[in-house]
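Below is one structure, written out as structure tokens; the observations come after it.
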């Protein structure tokens, strides 16, 4: 009988992604209850994903992690005049919070904010 050890990194990554997906659903749903005849935020986000207007959250997080490592604390998907924007809050080493604004269509980081006025360097986030 062959025994294998579980891959903890893979398991924890899947757990984090599942939690973030649930948070995203809550975030876009709680943004405002849809009245009769209106499409809910959650449905609009799902339709945008299916239409190829936005990248999946998993893809965005994998891209962000390379340049901005840290623990993801919150994710929001918002619709602006320019398109869909993922707002991602990261907790970096030392306890500082960093907020990233990411173009949901192509994953480009549009803005980086930290508690202070100056954006953190990539080395500070690590």
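The ranking of 41, 67 from fewest to most other beta carbons within 10 Å of each one's beta carbon is 67, 41. Report the percentage of all Cα-Cα pairs in the stretch 58-115 whose separation exceeds 13 Å, rounded to a whole percent. For the stretch 58-115, the fraction of Cα-Cα distances above 13 Å is 56 percent. Label sites at residue 96 and residue 43, each approximated as a point 7 angstrom past Cα along Cα to Cβ, lie 4.3 nm apart.
Throughout, read-outs are computed from the coordinates displayed, never taken from laboratory work. Bear in mind the structure is a predicted one, so any value in this text is a computation, not a measurement. Positions of Cβ are generated from backbone atoms using ideal geometry, with glycine treated the same way; all protein chains shown enter the neighbour counts.
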